[in-house]
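Worksheet: the structure to be examined is printed underneath.
The values are calculated or read from the model by the stated rules, or taken from the named source; none is laboratory data. Note that the structure is predicted; figures quoted are calculated from it, not measured. Positions of Cβ are backbone-derived with ideal geometry, glycine not excepted, and every protein chain shown enters the neighbour counts. When the accessible area is computed, the model is the full protein with side chains, heavy atoms only, and any ligands, DNA or RNA have been set aside. Shrake-Rupley method; radii C 1.70, N 1.55, O 1.52, S 1.80 Å.
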Amino acid sequence: MHTDRRLAALAGALYLVTHVTSVGAVVLYGPMVTDDAWLAGTGSGTPQLVGALLDVALAVAALGTGLFLFPLLRRHARVGALSYVALRGLEAGVILIGATAVVALVALRDAGEAAGAAGLALRELYSGTFLVGAGLVVGVHTVVLASVLWRLRAVPRWIPAVGIAGAVLVTASNLTVMFGLQGEITTARSLAAVPIFVWEISLAITLLVRGLRLPAEAPAASSPRETVAA
């Protein structure tokens, strides 16, 4: 397999890993996120610890998507490619903070102290990292990558179009959560995340099946705006 196709396929596979790990972690965290009774409980915290491990894998996979795409895009959109790697790294760091908070919270619960202020603070820290990482940083790096792929026509244009629309929706939705206009778990918030899911799954499949269709040489910029993007 050609090097470019191999890198694209690896990036596509990691996009799929991010979805499996993120959904798995949310399911395993379960009542930890919303149920105060869990904080005062005495049962096993193993599901939550496994969820934290999945979040670690999620962080690695998220950063990996940027690192594998970077050598494919740097000749045509160096600033955009670097920005995407940096933002994926930021997202990964936020996810790891959340995973660390979960590990500490489980330890407090095992000691029978999770129902106090420290336990509540750790749970809120995890919720905050989910809001910032999966909610806000994702919206920004989606716009960055989708704009580059749109300009280069590297994938069918409906894919980045869905990505940009999804980024706007998920960012707006999570800002309403941040400012208390809706709860953390609502139907509206779930629906707002659907276009981002479609964008990433479609991009993953495209990367796995056909890779990126990039020009042989960097396209000549026709405007100052394109010069900056390249």
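Using θ = phi - 60° and the Karplus curve 6.51 cos²θ - 1.76 cosθ + 1.60, what whole-Hz ³J(HN,Hα) does each residue of region 54-65 get, with Gly and Pro shown as x?
Ordered by residue, 3J(HN,Hα) equals 5, 5, 4, 4, 4, 4, 5, 5, 4, 5, x, 4 Hz.
Measure off, as a whole percent, the carbon and sulfur share of the 1.4 Å-probe accessible area of region 1-136, all protein chains present. Before the final figure, lay out the partial values.
Values: 4350 of 6020 Å².
The C+S portion of the solvent-accessible surface of region 1-136 is 72 percent.
Using Cα-Cα distances under 8 Å and only pairs 6 or more residues apart, what relative contact order does region 1-61 have, in percent?
On the way: 37 pairs, mean separation 28.2, N = 61.
It comes to 46 percent, rounded to a whole number.
Please give the FRET efficiency for residue 107 paired with residue 37, using the beta carbon to beta carbon distance and R0 = 25 Å, rounded to the nearest 0.05. Could the numbers behind the result be given before it?
Details: r = 19 Å, r/R0 = 0.75.
Efficiency, rounded to the nearest 0.05: 0.85.
Output the Kirkwood hydrodynamic radius of region 119-218, Cα pairs only, in Å rounded to one decimal. Each step should come with its number before you reach the end.
Working: mean 1/r = 0.0685 Å⁻¹.
Across region 119-218, the inverse of the average 1/r is 14.6 Å.
Between residue 20 and residue 176, how many nm apart are label points set 7 Å from Cα along the C-beta direction?
Once both label points are built, they end up 3.3 nm from each other.
Quick one: if you stick a label point 7 Å off each Cα along the C-beta vector at residue 153 and residue 185, how many nm between them?
Result for the modelled spin labels: 4.7 nm.
I'd like to check one number: the per residue accessible area of region 39-94, probe 1.4 Å, reported in Å² as a whole number.
Numbers: 2290 Å² over 56 residues.
Counting only protein heavy atoms, the per-residue value for region 39-94 is 41 Å².
Say each of residue 67 and residue 127 gets a label point 7 Å from the Cα, pointing the same way as Cα to Cβ; how far apart are those two points in nm?
3.4
Let me have the 222 nm mean residue ellipticity of the chain computed from DSSP H runs of 4+ only, each contributing -39500 (n - 2.57), with the sum over all residues rounded to the nearest 500.
On the way: 10 runs with 171 residues, N = 230.
That calculation yields -25000 deg cm²/dmol at 222 nm.
For region 121-205, with every protein chain kept in place, what is the accessible area per residue (1.4 Å probe, Å²)?
Working: 3760 Å² over 85 residues.
Computed with neighbouring chains in place, this is 44 Å² per residue.
If you find the alpha carbon centre of region 15-77 and of region 89-131, how far apart are they in angstrom?
Region 15-77 and region 89-131 have Cα centres spaced 13 Å from each other.
Given R₀ = 35 Å, FRET efficiency for residue 216-residue 27 by Cβ-Cβ distance, to 0.05? Could you put the intermediate results ahead of the total?
Working: r = 45 Å, r/R0 = 1.28.
About 0.20, to the nearest 0.05.
For a test of the definition: using alpha carbon positions, the gyration tensor, and the 1.5 limit on a/c, classify the chain as rounded, prolate or oblate.
Values: a/c = 2.58, a/b = 2.03, b/c = 1.27.
Here the chain falls in the prolate category.
Rounded to whole Hz and in sequence order, give me ³J(HN,Hα) for region 18-34 from the Karplus expression 6.51 cos²θ - 1.76 cosθ + 1.60, θ = phi - 60°, writing x for Gly and Pro.
3J(HN,Hα) across region 18-34, in whole Hz: 4, 6, 4, 5, 5, 5, x, 5, 4, 5, 5, 5, x, x, 3, 6, 10.
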